[in-house]
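Only one structure is covered here, and it is reproduced in the block below.
Please treat every number below as a calculation from the coordinates, not as lab data. For clarity, every value in this text was computed on a predicted model and none was experimentally measured. All Cβ positions, glycine included, derive from the backbone under ideal geometry; neighbour counts span all protein chains shown.
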Amino acid sequence: METLSEKNKILTHSFWANVFKGTPKKRELMNDLKELPPFAALKKHILYQLTKIVHVRNYSAGEYIFMQGDPGIGLYIINEGEVEVFNDDRTERNVVLASFSSGDFFGELALIDGETRSASARAKTDCELSVIFKPDFDELLHRNPREGLLILTELTKIIITRLRQINIDYSKLYNLYKNDKGEQA
């Protein structure tokens, strides 16, 4: 017969046991959120409300966080570890679009449009991620429209910066391709 300790050990190692294992200490989480551009301008009481909707999830190295085509359900903040985002063409030739580590965040488009994921994300190392799910985020914005506008403005700036960098990278690659072909760019 299994003891209660043995049963708890089995439960804590279950995949589902750590899906929503609570949040880190509120003060520590508030400080971490304050360091992220989308939340830097928020007042303490709004940051505290934000900590209430943050869920923590652990991922093992190699585990998918989400897959290209999945519903966009939330923003991920890396507490510990490394994550790579890549174009998943289901072959060995996946193109890594970005690598992130502790203190970075990704998946922000999901908070804005909730559309399907345009890329896959996978843990490069064992990771602890904080997740803000879109329905919870939308409710926070509904209750606090002024602060919601601040967050959305900052998210938009980040997306614009990333899009500009993609345009620059595309232009460089296009010119390299044309030069390799011996054509005028």
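Close Lys pairs in segment 19-155 (alpha-carbon distance under 26 Å; sequence gap of 8 or more, or different chains): 27. Put a dot 7 Å past the Cα of residue 96, heading toward its Cβ, do the same for residue 43, and the two dots end up 4.3 nm apart. Working note: Debye formula, equal point scatterers on the alpha-carbon atoms of segment 61-154, no solvent; log10 I(q)/I(0) at q = 0.25 Å⁻¹ is -1.28. Close amide H contacts of residue 66 (hydrogens built in the peptide plane, cut-off under 5 Å, sequence separation of 5 or more or a different chain): 121. Taking a label point 7 Å from the Cα of residue 180 along the Cα→Cβ vector, which residues of segment 92-115 have an amide N closer than 17 Å to it? Counting only backbone N, you get 93-96. For segment 116-185, chymotrypsin sites (Phe, Trp or Tyr not before Pro) are listed when DSSP marks them as loop and at most 11 other Cβ atoms sit within 10 Å of their Cβ; the list is empty.
In a fully extended conformation the segment linking residue 89 and residue 173 would gain 28.2 nm over its present Cα-Cα distance, using 0.36 nm per residue. Each peptide in 145-154, 48-57 receives the mean, over its residues, of other Cβ atoms within 10 Å, and ordering these scores from highest gives 48-57, 145-154.
Computed 3J(HN,Hα) for segment 71-80, one whole-Hz value per residue from the Karplus formula 6.51 cos²θ - 1.76 cosθ + 1.60 where θ = phi - 60°, is x, x, 10, x, 9, 10, 10, 8, 7, 8, glycine and proline marked x. Counting Lys and Arg as +1 and Asp and Glu as -1, what is the net charge of the other residues whose Cβ lies under 14 Å from the Cβ of residue 153? For residues surrounding residue 153, the net value is -1.
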